1. Going by amide H atoms built from the backbone, whose H comes under 5 Å of the H on V22, apart from near neighbours?
2. Considering Cα pairs under 8 angstrom that are at least six residues apart, work out the relative contact order of region 6-47 and quote it in whole percent.
3. Per the helix-only calculation at 222 nm, which mean residue ellipticity applies to the chain, given -39500 (n - 2.57) for every DSSP H run of n ≥ 4 and division by its residues, nearest 500 deg cm²/dmol?
4. What does the charge add up to near Y38, with Lys and Arg as +1, Asp and Glu as -1, over the other residues with Cβ less than 13 Å from its Cβ?
5. Given H placed on each backbone N at 1.01 Å, which residues far from K48 in sequence or on other chains put an amide H within less than 5 Å of it?
6. Normalised by the residues of the chain, what does the relative contact order come to in percent, with Cα pairs under 8 Å and at least six apart?
7. Nearest 10 degrees is fine. How inclined is helix 25-44 to the longest principal axis of the chain, computing both from alpha carbons?
8. Identify, among G62, A28, C82, the residue whose Cα sits farthest towards the positive end of the charge dipole of the chain, taking +1 on the Cβ of Lys and Arg and -1 on the Cβ of Asp and Glu, with the dipole about the Cα centre.
Amino acid sequence: MDKKLRVWWIPQVPMEAFYINVKSVDEARKILQVLANYDTFQFEKRVKPDYSNAGGLQMLEGKEWLEWYCSKCDNDIDECNCI
């Protein structure tokens, strides 16, 4: 993978996202799962009364960050089973 990748995560919509640079789609999936699990844990333990989170993977195209998609199946990271 020669493209730059980053995970974006919004812990409570509509606040702004934070970003984590990643080296691969596999690493991004792991990070996204950890972030989602952490939010679920906080909700279940009543650390947060509620939440509405969002996240995904972006790739750098030229000077613009775009949502990543699989070139094999044309799906985003949530729907792709190719990798």
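Bear in mind these aren't lab numbers, they're just calculated from the coordinates by the rules spelled out. What you see is a predicted model, and the numbers here were worked out from it, not measured in a lab. For neighbour counting, all protein chains shown are included, and Cβ atoms are generated from backbone atoms with ideal geometry for every residue, glycine included.
1. L5, R6, V7
2. 33 percent
3. So the helix-based figure for the chain works out to -8500 deg cm²/dmol.
4. Taking every other residue near Y38 into account, the sum is +1.
5. F43
6. Reported relative contact order: 31 percent.
7. Its long axis makes an angle of about 10 degrees.
8. Going by the Cα projections, it comes out as A28.
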